[in-house]
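Have a look at the structure below, then the notes.
The values are calculated or read from the model by the stated rules, or taken from the named source; none is laboratory data. All values derive from a computational prediction rather than experimental measurement. We work out accessible area using only protein heavy atoms, side chains counted, and drop any ligands, DNA or RNA first. Shrake-Rupley method; radii C 1.70, N 1.55, O 1.52, S 1.80 Å.
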Amino acid sequence: MTSFWVLALREGQPHPVRASLEDWATFMEARDSCRVGLDETNGTTVSTVFLGLDPEGGRSDRPLLFESMVIGGQLDGAQDRYRTWAEAIEGHAELLAVVQDLEHP
């Protein structure tokens, strides 16, 4: 069964909290609130977003709710998933650094 999540501020940081389908849909309409990072370098884009859906079907209290994806370049289609906003920020930066290193060996 799919579980739905939204982001709520706690101690100044966005944290995932379980939500109803209706609350999730309303939250997701405001897509700006779901963007963790978006960077483009030499035609390659690294995008990290909050998905709000648990791909593990609710089997974990710490689901993978964030995803980074590379669009274009040598790593086109590469992706990583994260459990927290902080992990997503760190993962985005790391993936961006890998992309930039590949462009400028």
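Couple of notes before you dig in:
- Bins of 10 Å from zero: percent of alpha-carbon pairs in the chain: 15, 44, 29, 11, 1
- Rolling a 1.4 Å probe over the protein heavy atoms gives the chain an accessible area of 60 Å² per residue.
- Rg ratio (alpha-carbon, reference 2.2 N^0.38 Å) - the stretch 9-56: 1.37
- Beyond 14 Å, the tail of the calculated P(r) for the stretch 34-82 holds 53 percent of the Cα pairs.
- Across the stretch 6-15, coupling constants 3J(HN,Hα) worked out from phi with the 6.51/-1.76/1.60 Karplus curve, θ = phi - 60°, read 10, 9, 10, 6, 9, 6, x, 10, x, 10 Hz, and Gly and Pro carry x.
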